[in-house]
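Just so it is clear, none of the values below were taken in a lab; they were calculated from the coordinates. On a predicted model such as this, the values are computed, not experimentally measured, just so you know. For neighbour counting, all protein chains shown are included, and Cβ atoms are generated from backbone atoms with ideal geometry for every residue, glycine included.
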Amino acid sequence: MITRVALAAVLALSALMATARAEPAPPLYLDPAQPVEARVDDLLGRMTLEEKISLVHGDSKFTTAAIPRLGIPRFWMSDGPHGVRQEMNANDWGAAGHTDDYSTWLPNLLGLAATFDTDLANSYGQTIGAEARARGKQMMLGPAINIQRTPLGGRNFEYLGEDPFLTSRMAVNYIEGEQSQGIASCVKHYACNNQETERNSVDVELDERTLREIYLPGFKAAVKEAHVLGVMAAYNKVRGQYCAQNAYLLKTILKDEWGFKGLVVSDWGAVHDTIQTAENGLDLEMGTGQKLYENYYLANPLLHAIQSGQVPVSALDEMVRRNLRVRFLIHVFDAPTTGPAGSINTKEHHLIARRVADEAMVLLKNDGATLPLDPDKISSIAVIGENASSHFALRGGSAQIKALYEVPPLEGILRRVGAAVNVSYSIGYMQPDRDTDPLPGLIDRAVEAAKQAQVVVIVAGLNHGDNYDEEGSDREDLRLPPGQDELIERVVAANPRTIVVLMSGGAIEMPWLDHVPAVIQAWYPGMEGGNALAGILFGDVNPSGKLSCTFPKKLADSPAHALDAFPGEDGVEHYAEGLLVGYRWFDTKNVEPLFPFGYGLSYTKFDYADLKLTAASGDADATSPVVTVQCQVTNSGARQGAEVVQVYVHADKPALPRPDQELKGFARVDPKAGETRTVSIPLGRGAFSYYDPAKHEWVAEQGTYTIRVGGSSRDIRLQSPFTLATTTVDPE
Ligand code: GLC
């Protein structure tokens, strides 16, 4: 009989042998059960100096190197804000010519902002995040959120408009949506990249309140609310220092004050110095103009700077730590099944593109209920304009998308009514970039077509190219390209029942406006744009977009131009208008815009009533509401529609100069005909605060304010006084 002792010995021996044969335990950094910081420390501790260096600069246009010894895969980045860009060549700006890199092309961000629909912004981000996962990307280079300072801005189409509050709300929801798909967003371009003119070198000079109250809130919200994992340092300088080596922006504000834990990547070619970049807060260099990646500032030059003691290895470790942290947070090292699987070009994604286009388009004018058109009562429509049949997806610069398909306006109209209505097409004009001179008689032929039709739809606008809404250049004026104003004037004279549709990334001057009964701002409406436009023209969809930027009557009315503060001189750009950007200028200086910020018509009408302010009881902290704004909105028209209720705050007697009013709350509501909805919008004390540069804090000063509620910045329907009983201060 085996004694108990012998049995125990046999069992212990077999366990020992089994252990001796088993695989060594995986390193801590590969154990997903371990805390992220412990995994970062463990992996960092295993890396050689050369391996660390390899992680802080690119090894192709959109990647950083793999480290096979440690199981670190290549890190893939991709543009951009409106969808996942096509595959590019490894070492130049050419398209790689793949056939499996078509994506969903969503409407431009200025249009997304015009929806004022934060839930939709989240779906927008989810769509791109899912497609990035499917395309094997770890970081998406978007959203782009620079504030629109001048209506000439070449990338205004790509940004979320002129208001910091609207920009913040849309950016937070976009990023939360995109990062929920298991990839990193990279909010850009930090900071003050508000023009394309001399973008690689212009030095932006601005006061601290303007920086904090206008140009930083979107980035701050992205970091502190959405926990964005990437921030892209802009090309320009701020107060004399390039953004990619600007210690005040990158270390003092972004990392120290806001507690940003992700990685700061340079814009492509925005790095200009090894030591300053390494010491002032950049974590990843991309796109430098060097043929060999080893010659990047943060490659061999940084290695030598460390070996010679000019840069402490601790600075490199901090950069590597941030690059590793982002990888762990998006589970790069964990099983591929970790996190969402990703999907691309699904019906759901294309439906999101359609919904954004539906809600983004802004009905600017609709005299005599010209719109919606009733296809049962129309026998012929003349569609006019090159933009009606153009494709825009692959234009605009780095935000370009190789869309799986794109429905231009003409095709959308034909699909919607072509079977029952005689639709003619006349090009009417040719965009300036065409490589042929405009054929004589284009306008004559368009006028003839207009005379033959019951209704005319002119699709005018910019070509999303050089000097007309493209990265790398600003617009030269707000006019339509040559020939279009004359075309519109002559066509509407021939047929008064003419609708003008504008495809542009921003404001357009409209000398013909008094003669045209209906105008729609369509932006660059994405792959479903033509279907969305047809839906609005024929009343399937009730337009609900609200302008995310002011449309001035003339360029000189805009602040940066009224003050001759654009594009700057001798390489320096003084933001002389300070806080008074966009409607803040028009409202404070009492300048009448062509169409104001927040404006947009509907096929129905909304009445506002019963404004009630309910002050919070007790001491509210920095995030809880101090007052809830409530009112009743009634749809007094004959069909359902969505209204964006906007709340603006006016300080009656501010201690420091402040804009006449500032958007501090909004809500979309979509009552049926005859229905009344109660709208409640909470305001935290941030809604009353200004930034005090002397104290480096936000002050919500005791005093009286006027809370204004309406359907645009110039359509205030209700207002009420509100008193802050005490002054409160909050740190940045
Ligand atoms: C561009 C843009 C930036 C883009 C990057 C990569 O110059 O400024 O928005 O993400 O380079 O294409």
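Observations
- Each helix, a run of at least 4 DSSP H residues, gives -39500 (n - 2.57); summed and divided by the residues of the chain, these come to -7000 deg cm²/dmol at 222 nm.
- Dipole orientation for the chain: of the candidates VAL228, PRO408, GLY368, VAL228 has the Cα lying most toward the positive pole (charges on Cβ; Lys, Arg +1; Asp, Glu -1).
- Shape summary of region 253-410, radius of gyration then Dmax from alpha carbon positions: 25.2, 81 Å.
- Amide H to amide H, with H built 1.01 Å from N, ALA403 comes under 5 Å of SER103, counting only residues 5 or more places away or on other chains.
- P(r) for region 272-360, from all Cα pairs and a bin width of 5 Å, is 3, 11, 15, 13, 11, 10, 10, 11, 9, 5, 3, 1 %, short bins first.
- Lys/Arg +1, Asp/Glu -1 at C-beta; the chain dipole; positive extreme among ALA244, SER624, ALA399: SER624
- Whole-angstrom gap from region 439-487 to region 321-336, using each part's C-alpha centre: 49 Å
- Fully extending the segment from LEU30 to HIS331 would add 107.4 nm, taking 0.36 nm per residue of separation and subtracting the current Cα-Cα distance.
- Around the amide H of SER424, modelled in the peptide plane, lie the amide H atoms of ILE381, ALA382, VAL383, all under 5 Å away and 5 or more residues distant in sequence or on another chain.
- Legend: helices of the chain (whole DSSP H runs) are marked when their alpha-carbon atoms reach 20 angstrom or more along the helix axis and their mean Kyte-Doolittle hydropathy is at least 0.5; marked are 4-21.
- Shape of region 440-550 from the C-alpha gyration tensor: oblate (a/c of 1.5 or more and a/b not above b/c, with a ≥ b ≥ c the square roots of its eigenvalues).
- Cleavage-rule hits, GluC sites (Glu not before Pro), region 455-548, DSSP coil, Cβ neighbours within 10 Å at most 15: GLU476
- Coil-residue chymotrypsin sites (Phe, Trp or Tyr not before Pro) of region 19-113, DSSP, other Cβ within 10 Å capped at 12: TRP93
- Global form of region 134-236, assessed from the alpha-carbon gyration tensor, a/c cut-off 1.5: prolate
- Legend: distances between Cα atoms for LYS237/LYS589; LYS612/LYS653; LYS52/LYS220; pairs beyond 26 Å are LYS237/LYS589; LYS52/LYS220.
- Relative contact order [Cα under 8 Å, 6+ residues apart], region 390-472, whole percent: 35 percent
- Charged side chains reduced to their Cβ positions (Lys and Arg at +1, Asp and Glu at -1) give the chain a dipole of some 1800 debye around its Cα centre.
- Packing here is the average count of other Cβ atoms within 10 Å per residue, and on that basis the peptides 637-647, 456-466, highest first, run 456-466, 637-647.
- Rg/Rh ratio calculated on Cα atoms of region 627-687 (Kirkwood radius): 1.11
- For region 685-732, the Cβ-based charge dipole about the Cα centre amounts to some 320 debye (Lys, Arg positive; Asp, Glu negative; other atoms uncharged).
- Cα convex hull of the chain - mean projected area over all directions, nm²: 40.4 nm²
- Cα-only radius of gyration and Dmax that characterise region 488-599, units Å: 17.0, 53
- Altogether, the Stokes-Einstein calculation at 10 °C and 1.306 mPa s, with the Kirkwood radius of region 539-622 over Cα pairs as Rh, returns a diffusion coefficient of 97 µm²/s.
- Between the alpha-carbon centres of region 524-544 and region 668-728 there is a gap of 32 Å.
- Across the alpha-carbon set of region 37-157, the Rg to Rh ratio works out to 1.05, Rh being the Kirkwood radius.
- Straight-line cross-link reach from LYS347 at under 24 Å between alpha-carbon atoms covers these lysines, not counting any fewer than eight positions away in the same chain: LYS137, LYS402.
- For peptides 658-669, 312-323, sequence by mean Cβ density within 10 Å, most packed first: 658-669, 312-323
- The alpha-carbon atoms of region 121-168 define a convex hull whose volume equals 80 cubic angstrom per residue.
- Local charge for ALA244 was computed over the other residues whose Cβ lies under 11 Å away, with Lys and Arg +1 and Asp and Glu -1, and equals -3.
- The tail of the calculated P(r) for region 365-412, taken as Cα-Cα distances beyond 14 Å, holds 68 percent of the pairs.
- Rg over Rh, two decimals, region 180-284 (C-alpha only, Kirkwood Rh): 0.94
- Sorted on the mean count of surrounding Cβ atoms within 10 Å across their residues, most packed first, peptides 197-209, 707-719 read 707-719, 197-209.
- Estimated inter-spin distance, ALA22 and ASP42, nm [label 7 Å along Cα→Cβ]: 1.5 nm
- Averaging 1/r over every pair of different alpha carbons in region 224-305 and inverting the result gives a Kirkwood radius of 12.8 Å.
- Shape of region 65-135, Cα gyration tensor, a/c cut at 1.5: prolate
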